[in-house]
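The values are calculated or read from the model by the stated rules, or taken from the named source; none is laboratory data. This is a predicted model, so every value here is computed, not measured. Here the Cβ positions follow ideal geometry from the backbone for every residue, glycine too, while neighbour counts run over all protein chains shown. Ligands, DNA and RNA are stripped out before the accessible areas are found, and what is left, the full protein with its side chains, is counted by its heavy atoms. Shrake-Rupley method; radii C 1.70, N 1.55, O 1.52, S 1.80 Å.
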Amino acid sequence: MIENVHVAPVTGPEIPSGYIRIEGDRIVALGAGPAPAAPGATRIDGSGCLATPGLVNTHHHLYQWASQGLAQDATLFQWLVSLYPVWAAMDAEVVKGAAAAGLGWLALSGCTTSSDHHYLFPKGRGDLFAAGIEAAREIGVRFHPARGSMDMGESKGGLPPDVVVEELDEVMTATAEAVDAHHDPSFSSMVRVAVGPCSPFSASAELMTASAALARSKGVRLHTHIAETLDEDEHCLERFGMRPVDYMEKLGWLGPDVWFAHTVHLSDADIGKLAATGTGSAHCPSSNGRLGAGIARVSEMMRRGVNVGLGVDGSASSELTPLAGEMRQALLFQRARYGPGALTARQALELATLGGARNLGRADELGSLEPGKLADVVLWPVGSFAAAVADPVCALVFGPAPPPALVLVGGRTVVAGGELKTVSQDAAGSAGAAAHRRLVRLAEERGVQVDS
Ligand SMILES: [Zn+2]
């Protein structure tokens, strides 16, 4: 029983002083005023705190924790070309350490569900896909890994070197195995697998269509990068004679089971297509800013009915970006582009919660505080310095967001008092640093020069 707390349920009216009652892994009641009698309940005093749904991260590449701070001033294509050879050296140990740090860091910014898009599987380096899942299980957050892929190396006109791509048949076999081994479709699931060929400039049309067919036969979701930069626009026009969203439409890749990362460079017609088909967008403002990609038309997408969630994107293009901070970044980007009415604090909170849950197909379970939904709840301390702001949602989103006082995932404590409770926080941080050192060493052993 969380009591004396300001509740922002995202759906329904806010409760300035109320309670949230949790039984097992579900929310069973919430309301205004003092908490009702509940014999035997654990009582948590939420005085000075704002309660929100757990934040949902809908785009990430956890392995990139190990390659932060490189190619600091590069465009997306330059950045990719300089990092592909480094990433080619990764193994399961690098992925496990990077994922432990990356997911621990996310939990510390109020994230209770994270996707991951892993699309490089160098041969003979262990089970990279399982390594991320193992880390998520230890940290205790819900995990939506996309089994990514690339089959279009340089020799086939793609961007990545041939050494980091796979053959189509290998990808389809490994992806089907990943879904069969790890995907749990149940309510309250901790792991759901998606299918995620990387991008139009690294995955062939055959891989895209085969991936869509596989995902739909298995009842899992589809994810890829689309319309991130103008270079991609040019690449698609040159190779396919059409822009990215038209190309995706041609490949059968628009629909309510698809969410795209970025969607920065969209035409009015593109926005209409996403809205009409129920295709979602993962907005990653810090990464778009870091790589100078542009500012997505989020407020226009929202107005026209496109579902938008937030993503931190990989740590190599956003470094230590906390998910809560992306609410602020989204708000600032939209206002810088469209004016102060473009995005409110509450709309930004909805992007980070319900918008994310919709992208992952889990709006019935996650994304708002309602009886019957999963008890993924965050308490944000909005007292102390933040108490000068009377509106706690404004204090959270205009931020910077404070470290959460409590993060519950299915009623289980993952963070308390700003510290990870499921694993040693120091160990998770050290695992990330070790993953970085290991990746650099493995890359240098292969003759790759690693510098910024
Ligand atoms: Zn990405």
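Quick notes on this structure:
- Euclidean distance of C-alpha centroids, the stretch 347-381 and the stretch 99-139, integer Å: 21
- DSSP finds beta bridges in the chain, and of those with both partners inside it, around 45 percent are antiparallel.
- Inter-label distance for Leu320 and Gln78, nm, one decimal - labels placed 7 Å from Cα along Cα-to-Cβ: 2.6
- For the chain, accessible area per residue (1.4 Å probe, heavy atoms of protein chains only), Å²: 35
- Once the convex hull of all Cα atoms in the stretch 328-390 is built, its volume per residue stands at 118 Å³.
- Carbon + sulfur, % of accessible area of the chain - ligands and nucleic acids excluded, 1.4 Å: 53
- The distance from the alpha carbon centre of the stretch 384-403 to that of the stretch 162-217 is 40 Å, rounded to a whole number.
- As a calculated quantity, the FRET efficiency between Glu370 and Glu238 at R0 = 60 Å, using C-beta atoms, amounts to about 0.80.
- Listed by chain and number, the lysines whose alpha-carbon sits under 19 Å from that of Lys250, ignoring those within fewer than 8 places in the same chain, are Lys273.
- Rounded if a/c under 1.5, otherwise prolate or oblate - the stretch 55-360, Cα gyration tensor axes: rounded
- Options Gly367, Ser384, Gly418, ranked by Cα towards positive dipole end of the stretch 328-452, top entry (Cβ charges): Gly367
- Nearest-ten-degree value, helix 205-218 long axis tilted from longest Cα axis of the chain: 40
- Calculated FRET efficiency for the pair Asp231/Val163, C-beta based, R₀ 22 Å, to 0.05: 0.50
- Principal-axis tilt of helix 230-240 within the chain, Cα atoms, nearest 10 degrees: 50
- Compared with the alpha-carbon gap, the fully stretched path from Ser155 to Ser47 is longer by 32.8 nm at 0.36 nm per residue.
- Rounded to 10°, Cα long-axis angle of helix 128-139 versus longest principal axis of the chain: 10
- Ranked by solvent-accessible area (1.4 Å probe, protein heavy atoms only, all chains present), the residues Ile2, Ile44 order from largest to smallest as Ile44, Ile2.
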